[in-house]
Amino acid sequence: MANNNKALSAAGQAKKDEFYTQLVDIENELRHYKEHFKGKVVFCNCDDPYESNFFKYFAINFNHLGLKKLICTCYAGSPVVYTQRSLFGDEEVIGEEPSDKKPYKIEITHVDDLNGDGAVDLTDVELLLRSVDGKPTLLKGDGDFRSAECIELLKEADIVVTNPPFSLFREYVAQLVAYDKKFIIIGNQNAITYKEIFPLFKENRLWLGYGFKGNVGFFINTHYEDYAKSSQHKEGMIRVSGVMWYTNIDIDKRHENLVLYRSFSTDEYPHYSNYDAVDVRKTADIPFDYYGVMGVPVTFMDKFNPEQFEIIGCADYTGKYGSDDIGVSRIGEEWIAKYREQGGRGHYTANMTSLVYYDTNGKACNTFKRILIRRKK
């Protein structure tokens, strides 16, 4: 029974991680990277070709982008592994759990005008998948990106592009870094301060792409019942806030200077009690005339230009370049006493290293997790 429960739990998690990205969102992001794909092998290693819009995007644009090869692999735990859809949405059941049907890979080295209409489109891709050249090949394992055969395909790839499982984001990025691969992937904003991820930002080995409007994405997930109920609700889709594109491919956005227009004053920019830096509540409020260390919200990373700013570290964070690493002092008894005296009920103790300060009225104030930065002259 324990093993069955474990299997069911894993299956449930797989379904929650099975967020299918809209084609329009893929197009909006990848249009900024087109020159990087010419002559490259692209690997989509979390993508059932019959479901994935990443596959559709690269297959349709294979010739336009000048790809050398497109590889897609499908994971056995995917809810769609036992069904097969045509690229036009028709579904055919090809097996039911338990089944000996294994996940598969598709490798494409060319996409031709197979229907002779003078253009390469989705119809030609559909015909290619039915031909010998585009026929899916069964994998020996479960198609997990960590499996030996998927790692061999990863070694062959130049660029990895996909929407990986959010629950495995740390492992996923670690593998890409270990094999020195270029990538464009989707992840949650919270991942910025993961102890496995933040050092990559600090060391200029990872940055954010152009992103989703308002950092909100709508994903197709027919296996997840918790659909958005807000005013932004879209039928049959799940709303995910704080979603980002992560990449290590150089893009123009990364070199755009953030326009600064606020002037520094000690009244508006309080100095922390336990670290030599000032607090900036919003990215838009970064002063143009201050060159000391500043604590800014995590959302600043969407505007980070390494030629304009230097990342010092991240406060209230236990990883490399975290509070202890960069010398943030403990909150201390004095701040705690003042905070409690004024009615504060948050979970704070004197031994914590969150950045805190006193405002102009002497009120003990705390901050949410801050990225510490400094202007470059």
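The values are calculated or read from the model by the stated rules, or taken from the named source; none is laboratory data. Remember, predicted model here, so these are calculated numbers, not experimental data. Cβ placement follows ideal geometry from the backbone for every residue including glycine, while neighbour counts extend to all protein chains displayed. Note: areas computed on protein heavy atoms with side chains; ligands, DNA, RNA excluded. Shrake-Rupley method; radii C 1.70, N 1.55, O 1.52, S 1.80 Å.
Here is a list: GLU152, GLU171. Which entry is within 28 Å of GLY313 (Cβ to Cβ) and open to solvent by 60 Å² or more (accessible area, probe 1.4 Å)? Talk me through it step by step, then tell me what you get.
Numbers: GLU152 fails: within 28 Å of GLY313 (Cβ to Cβ).
Matching residue, one of GLU152, GLU171: GLU171.
Need a quick list: strands (runs of 3 or more DSSP E) entirely within segment 286-375 having at least 3 residues that are in contact with a helix residue (DSSP H, G or I) (Cβ under 9 Å, 6 or more places away or on another chain) and over 19 Å from GLU203 (Cβ atoms). Outline the logic, then answer.
Numbers: elements: 293-297, 309-314, 356-358, 364-366, 370-375.
So the answer is 356-358, 364-366.
Restricting to segment 152-178, count the residues that are assigned to a loop (DSSP other than H, G, I, E, B) and either of a type in the set (A, V, I, L, M) or in contact with a Cys (Cβ under 9 Å, 6 or more places away or on another chain) (or both).
Summing the residues that are assigned to a loop (DSSP other than H, G, I, E, B) and either of a type in the set (A, V, I, L, M) or in contact with a Cys (Cβ under 9 Å, 6 or more places away or on another chain) (or both) in segment 152-178 gives 4.
The test for being in contact (Cβ under 8 Å) with a residue 12 or more places away in the chain, among the aliphatic types (A, V, I, L, M), out of contact with any Pro (no Cβ under 7 Å at 6 or more places or on another chain) and open to solvent by less than 20 Å² (accessible area, probe 1.4 Å) holds for ILE186.
May I ask you to say which residue of TYR317, TYR321 is touching a residue at least 12 places away in the same chain (Cβ under 8 Å), under 30 Å from ASN257 (Cβ atoms) and open to solvent by 20 Å² or more (accessible area, probe 1.4 Å)?
Details: TYR317 fails: open to solvent by 20 Å² or more (accessible area, probe 1.4 Å).
One residue alone meets the criteria, TYR321.
Output yes when any residue across segment 179-190 is modelled with pLDDT of 95 or more and assigned to a helix (DSSP H, G or I), and no when none is. No, because not a single residue in segment 179-190 is modelled with pLDDT of 95 or more and assigned to a helix (DSSP H, G or I).
Going by the structure shown, is VAL328 buried (at least 19 other Cβ atoms within 10 Å of the Cβ), free of Cβ contacts under 8 Å to residues at least 60 places away in the same chain and over 26 Å from the mean Cα position of the chain (by Cα)? Walk me through it before giving the result.
Values: buried (at least 19 other Cβ atoms within 10 Å of the Cβ): yes; free of Cβ contacts under 8 Å to residues at least 60 places away in the same chain: yes; over 26 Å from the mean Cα position of the chain (by Cα): yes.
Here the answer is yes, as VAL328 does meet what is asked.
The strands (runs of 3 or more DSSP E) found entirely in segment 1-88 that carry 2 or more residues being modelled with pLDDT of 50 or more are 41-44, 69-73.
Tell me whether segment 341-357 contains one or more residues that are farther than 30 Å from GLY209 by Cα, surrounded by fewer than 16 Cβ atoms within 10 Å (Cβ to Cβ), free of Cβ contacts under 8 Å to residues at least 60 places away in the same chain and touching an Asp or Glu at 6+ places or on another chain (Cβ under 7 Å).
yes
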